[in-house]
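Everything on this sheet refers to the single structure shown next.
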Amino acid sequence: MKVCVVGGGGREHALAHVLGRSCDVVVTPGNPGIAGSTPAPPNEIEADLYVIGPEAPLVHGLADELRASGCPVFGPGADGARLEGSKAWMKELLVAAGVPTAGHGSFTEPGEAIRFLDGMGDLFVIKTDGLAAGKGVLVTEDRGEAVDAVRSYLSGQAFGDAGRRVVIEEGLTGPELSVLAVCDGRHAVPLAPAQDFKRIGEGDTGPNTGGMGAYSPVPVAGDEVVAEVMDRAVLPTLAELRRRGIDYRGVLYAGLMLTPQGMKVLEYNVRFGDPEAQVVLPRLRSDLADLLAGAAAGVLGEPPVYGDDAAVTVVCAAEGYPASPRTGDIITGIDAAGAEEGVTVFCAGVSSMPGGGVTGGAPSGAGQSMLSQSMLTAGGRVLTVTGQGPDLVTARNRAYAGIAHIRWPGRYVRFDIAAAAVDSLASGGVG
Ligand code: AMP
Ligand code: GLY
């Protein structure tokens, strides 16, 4: 089977890497770190299956365009992608489907929004309605900061049109969990759960980012938690989408909080998480292409198979991320990191050295890193390093052993990814 993966980040590198176990893979536009990358647009690539990675092309209808020309596509149409494209619409749908979620209001007027804030508890949560690359959420105990955010979001100053409507939510507390379900329009199967780390700073401090690391499996999320997420969130959501005439074929990613009052959905994404994909996909033992092709055709096959192993991924970000990442620095050590046992490097915000800069050696197979090519930083989240092993401790040690090789001026890494989960396992708890 030939698969075309659309996108150019670490998630798409992980998709290409795992699909490459059984398929020929091309990635558009990809990046210089992913073998099989091509600048040709998806509609000029012939493939048996198209897998769309990022949210923006889904929201803008790429899956519809490809389906209209007869291509099998894994990824929802623009109608289903609204779940991520509009938080206000998503919340309305969750309420209609009876899915547990934080209490909320949605506003376009600052006066009304600020009056609503005053009725909230002492944790304020302000979200852009539209897409903001994971950065449009403010969680704060400082009412002044919340009011300033409401004003700068609604004026368009902070996030352009994406912020001209805001969703204000009740602040929840508890461990977070990402459950990614593969859907064929009627049925859904969960992938292994993961936990990601959204804040830039260690100890979950500072602004939200697209994610600074992730691990899987998650000690607090046993089979019964995943079953509850499927029964109370994913399946009712899929049924409500269907009731509205939406044939949802793709990933439904439930971002959850396990609160003292039970599981609640914080958000839905309409794609694989990044960096969750970099832990959930490499752990898969069954064939990813079969799973995605079945979903794309509307007939899910066998459920995914996982073993007892673990994976931890750590993001290497550029100095200044998320506000204003510095770019153009030479990256070293990718080869050495990838040579460590159980370590895979997935490239995201990278570009080639001007003039080629290839230091020798042939690129490896589809979806593998083109490790011998010298690269420059070209974005905020530059690359992710995944460690795999028989347990979380080994996987975590391997990820950081890989990270130790990778260098550029100002490289930023959180060193507490999966630390609490490892500590809880060591003390005999469940996380
Ligand atoms: P979202 O993009 O909606 O998942 O929000 C990003 C992050 O903000 C989440 O991963 C949580 O850490 C935090 N967050 C979102 N909604 C809430 C909420 N209602 N209460 C507390 N924290 C939240
Ligand atoms: N890791 C969060 C996301 O993909 O949105």
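Table for the structure above
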| quantity | calculated |
| --- | --- |
| The range 1-43, accessible surface, carbon-and-sulfur percent (1.4 angstrom probe) | 54 percent |
| Overall Cα dimensions of the range 208-341 - principal axes, largest extent first, Å | 51, 33, 31 |
| Packing rank of 273-280, 321-328, where each peptide gets the mean count of other beta carbons within 10 Å, highest leading | 273-280, 321-328 |
| Positive-pole candidate from A420, I200, L238, dipole of the chain, charges at beta carbon | I200 |
| Rounded percent of accessible protein surface that carbon and sulfur make up, the range 302-358, 1.4 Å probe | 51 percent |
| Heavy atoms of Y412: accessible area, 1.4 Å probe, square angstrom to 10 | 70 Å² |
| Area accessible to solvent at D118, 1.4 Å probe radius, in Å² | 90 Å² |
| Kirkwood estimate for the chain, i.e. one over the average of 1/r between Cα atoms, Å | 21.8 Å |
| Pairwise centroid distance, computed over Cα atoms, of the range 300-332 with the range 228-264, Å | 25 Å |
| Coarse-grained scattering of the range 110-264 at q = 0.11, 0.13, 0.15 Å⁻¹, given as base-10 log I(q)/I(0) from a Debye sum over alpha-carbon atoms | -0.52, -0.73, -0.94 |
| Three-way shape call for the range 382-431 based on the alpha-carbon gyration tensor, with the a/c threshold at 1.5 | prolate |
| Residue-normalised accessible area of the chain, expressed per residue, 1.4 Å probe, Å² | 38 Å² |
| Cα-based Rg and Dmax for the range 234-294, where Dmax is the largest Cα-Cα distance (Å) | 13.9, 38 |
| Compactness index (Cα Rg / 2.2 N^0.38 Å), the range 39-137 | 1.40 |
| Within the chain: Cβ-based charge dipole about Cα centre, in debye rounded to nearest 20 (Lys, Arg +1; Asp, Glu -1) | 500 debye |
| 5 angstrom amide H check on A311, placed H, neighbours 5+ away | S216 |
| The range 106-182 - percent of accessible surface contributed by carbon and sulfur, probe 1.4 Å | 45 percent |
| Packing-based ranking, highest mean first, of 100-108, 181-189 given that Cβ atoms within 10 Å are counted | 181-189, 100-108 |
| Fraction of antiparallel bridges per DSSP, the chain only, in percent to nearest 5 | 80 percent |
| Among 10-21, 71-82, 295-306, the order from most to least packed when residues are scored by Cβ within 10 Å on average | 10-21, 71-82, 295-306 |
| Built amide H within the under 5 Å cut-off of I34, gap 5+ | M370 |
| Charge dipole of the range 1-152 about the Cα centre (unit charges at C-beta), most positive-ward option of P57, N31, A88 | N31 |
| Positive-end residue, the chain charge dipole about Cα centroid, Cβ charges, pick of Y253, M212, P72 | P72 |
| Translational diffusion coefficient (Stokes-Einstein; Kirkwood radius from C-alpha pairs) of the range 192-251 at 4 °C, 1.567 mPa s, in µm²/s | 93 µm²/s |
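The values are calculated or read from the model by the stated rules, or taken from the named source; none is laboratory data. Everything quoted here is computed from the prediction, not taken from an experiment. Note that each Cβ is placed from the backbone with ideal geometry, even for glycine, and that neighbours are counted across all protein chains shown. Side chains are part of the model used for accessible areas, which takes the heavy atoms of the whole protein and leaves out ligands, DNA and RNA. Shrake-Rupley method; radii C 1.70, N 1.55, O 1.52, S 1.80 Å.
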